[in-house]
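Data block below; observations after.
Read-outs throughout are calculated quantities, based only on the coordinates presented, and are distinct from any laboratory measurement. Predicted model, so just to flag it, every value in this text is computed and none were measured. Don't worry about glycine lacking a Cβ; one is built from the backbone with ideal geometry, like all the others, and counts go over all protein chains shown.
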Amino acid sequence: MLTRTFLMSLCGYLWLAGAVQALEFSPAAMLGWEHKRFAGETEYRLEFAPELQQQVIRASSRAAASGLFYEQRIDLDATPWLSWRWRVEQFPTVTNERAKSGDDFSVRVYVVVRDGWTRLSSKAISYVWAQQAEVGQSWENPFAGDKAMMLALRNRQHGDGWISEKRNIKADLRRLFGKDFRYIDAVAIMTDADNSKSSAIGYYTSLVFTRE
């Protein structure tokens, strides 16, 4: 049976009066997630960011698409908020990011929910740093349709510096899919440039789930 000490070292749980108050995945822990390959392989590695004085994940894609996935249930009643920082160094070359040929992003953060008994019933939100979409715009993924909703948190106007994000995952799921979910079943990051046959580079810090 997994000990609390092991779980804390792996993910960074914080405990208060026996209840989970935060769940933090460090860049080093995220590199240990399952590497799922869809088209070639995006390179993920640790790099020290002097401006943050900490390690981050550098993701580099050359016409490739693969991501790092953590597939375990996370209780949104306990920790509905997700926070992270990210940065874009190089955008992929796309003309229409809503089309299949342009469905490439320098940085994405996914949350996935199981809305039924099979994997085919899964739904997902893909938080992206867009190029063309206005901040706050959402649209159906060109490959998965309304099972995977894209949500633009940033675009080219935000430059190439580090940006902090904080999202109420439970509220976003309700707004985009019209129902309440207590749990998510996976969280992931992905940098991809396979559809545009171009290149993309992005950076990620820790992903942190919190109560508020």
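With unit charges on the beta carbon (Lys/Arg positive, Asp/Glu negative), name the residue among S60, S199, G136 whose Cα is farthest towards the positive pole of the charge dipole of the chain.
G136
What's the tally of Lys pairs in the chain whose alpha-carbon atoms lie under 16 angstrom apart, where the two lysines are 8 or more places apart or on different chains?
7
Could you list I57, I163 in order of exposure, starting from the residue whose Cβ has the fewest other Cβ atoms within 10 Å?
I163, I57
Once both labels are modelled 7 Å past Cα along the beta-carbon direction, what's the R37-E212 spacing in nm?
4.6 nm
Below 8 Å between Cα atoms, with a sequence gap of 6+, how large is the relative contact order for region 95-139 in percent?
So the answer I get is 36 percent.
What percent antiparallel are the DSSP beta bridges of the chain, to the nearest 5?
Rounded to the nearest five, the antiparallel share is 90 percent.
When only alpha-carbon atoms are used, what values of Rg and Dmax, in angstrom, describe the chain?
Considering the chain through its Cα atoms, Rg and Dmax are 16.5, 52 Å.
For R174 and K100, what does the FRET efficiency come to when R0 = 30 Å and r is the distance between their Cβ atoms, rounded to the nearest 0.05?
That gives a FRET efficiency of 0.60.
Remind me, what semi-axes does region 143-184 give for its equivalent ellipsoid, largest first in whole Å, using sqrt of 5 times each Cα gyration tensor eigenvalue?
Square roots of five times the eigenvalues give 25, 15, 8 Å.
Got the relative contact order for the chain handy, in percent, Cα pairs under 8 Å and 6 or more residues apart?
RCO, the chain: 32 percent.
Quick one: order D194, D75 by neighbouring beta-carbon count within 10 Å, fewest to most.
Ascending number of Cβ neighbours within 10 Å: D75, D194.
Figure the gain on full extension for K147 and I163 (residue separation times 0.36 nm, minus the Cα-Cα span) and round it to one decimal in nm.
3.0 nm
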